[in-house]
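Taken together, the values in this text are just the output of simple stated rules run on the coordinates, not laboratory data. Because the structure is predicted, anything quoted here is derived from the model rather than measured. Cβ coordinates were reconstructed from backbone atoms using ideal geometry, including for glycine residues, and neighbour counts include every protein chain displayed.
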Amino acid sequence: MRLRALSFALLAAFASPVLAADPPASQGWVAGAKAWVSGLWSKPAGSWLERIGPALREQNYQGTLVIVSGNRVETVAVFHAYQDGRERMRMLTLSGARREVVRDNRVVMVIGSQPQAVGYDSNTAGQWNPAEKFADAARLQSYQAKLGGTARVAGREAQVIELQAKDEWRYGFRLWLDKETALPLRIALLGEAGLPLEQIAFTELRLGTMPSDSDLRASSQRGLQRVQSLEAGKETDPRWRVQSPPPGFRLTAARHLGESVQLLYSDGLANVSVYIEPASPQQRGESTMRRGAVNAYSVSRGGRRVVAIGKVPAATVAQFARGVQAPAVRRGDG
């Protein structure tokens, strides 16, 4: 899974003395002007973000994406078609292990990550296309959206949008949106120092070109199989919870995985998965792991092992892992 934490702290420290006393008329005017200018910037940024969803769903395009995370570089071919309300997409890795994702409206099939092709409803864990989550980002309390400059990506003019995190519990983002359609051409996940931890970008893009049926067709001839939904319903809810998760995060899904439990928390952009599984009573301790933008934190105690993982700062996954609370035994549970 910067400068934002430092900026936020400096802003808070600077604002406190001003709020403690009645500011001079000139300071009040300056504060009002700053608020007015801030409003001018935030509204256009939000308008750009709102266009992402329709651009991703309703545009025909095909091209090549490059994904850079830590020392890992991956190249992916993308084919997307929209016709008469039907959305189809196929993504195929061109480097490394062969993996393939095929979508036909709400049904998604993943090939290569398991011995068999697996299909599932795209709404079981939210919208399938990860870039669609940015459409409502301007409304999220944990982030601030601002217009940046302009640039060129894959030969197309792009508008830069800055999504700054308001605290140290999450990372920020930088988006390059196609000026004509608002299609995301490049996305960067920004670390504590404001430097990219992970980037995804088109290196070649044909926008407005309908892919052929053969390019959209899955390589597997097996039928799709529906797997367990990741939902927090009454029947599937394992009742495990994270006590006092970081601000802005809420439980969005929960399910049993055999004897283990998975909880999914989200702030609207960042996701943290928490896994609770049986462990030896003698197993105790805590450990950390980082790979690219992903941080993980493990806690073992009381016959349970808890692992929190996500593209968030290390302190965030530690807060999740340490805060897991077992469900209370209800009367009649035995």
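Between residue 239 and residue 68, the FRET efficiency from the beta-carbon distance, with R0 = 45 Å, is close to 0.70.
Per-residue Karplus couplings for segment 204-211, computed as 6.51 cos²θ - 1.76 cosθ + 1.60 with θ equal to phi - 60°, are listed in order as 8, 8, 10, 8, x, 9, 6, x Hz, Gly and Pro entered as x. Could you calculate the FRET efficiency of residue 86 with residue 152 from 1/(1 + (r/R0)^6), where r is the beta carbon distance between them and R0 is 45 Å, rounded to 0.05? That gives a FRET efficiency of 0.90. The length gained on full extension between residue 283 and residue 75, counted as 0.36 nm times the residue separation minus their Cα-Cα distance, comes to 70.8 nm. Note on residue 311: aspartates and glutamates with a C-alpha under 16 Å away, same-chain residues under 8 apart excluded, are 167, 168, 192, 198, 267. How big is the charge dipole of segment 59-116 about its Cα centre, in debye rounded to the nearest 20, if each Lys and Arg gets +1 on its Cβ and each Asp and Glu gets -1 on its Cβ? Roughly 100 debye for segment 59-116.
Peptide packing for 72-82, 184-194, 149-159, 168-178 was compared via the average number of neighbouring C-beta atoms within 10 Å per residue; ordered from the highest value, the list is 168-178, 184-194, 72-82, 149-159.
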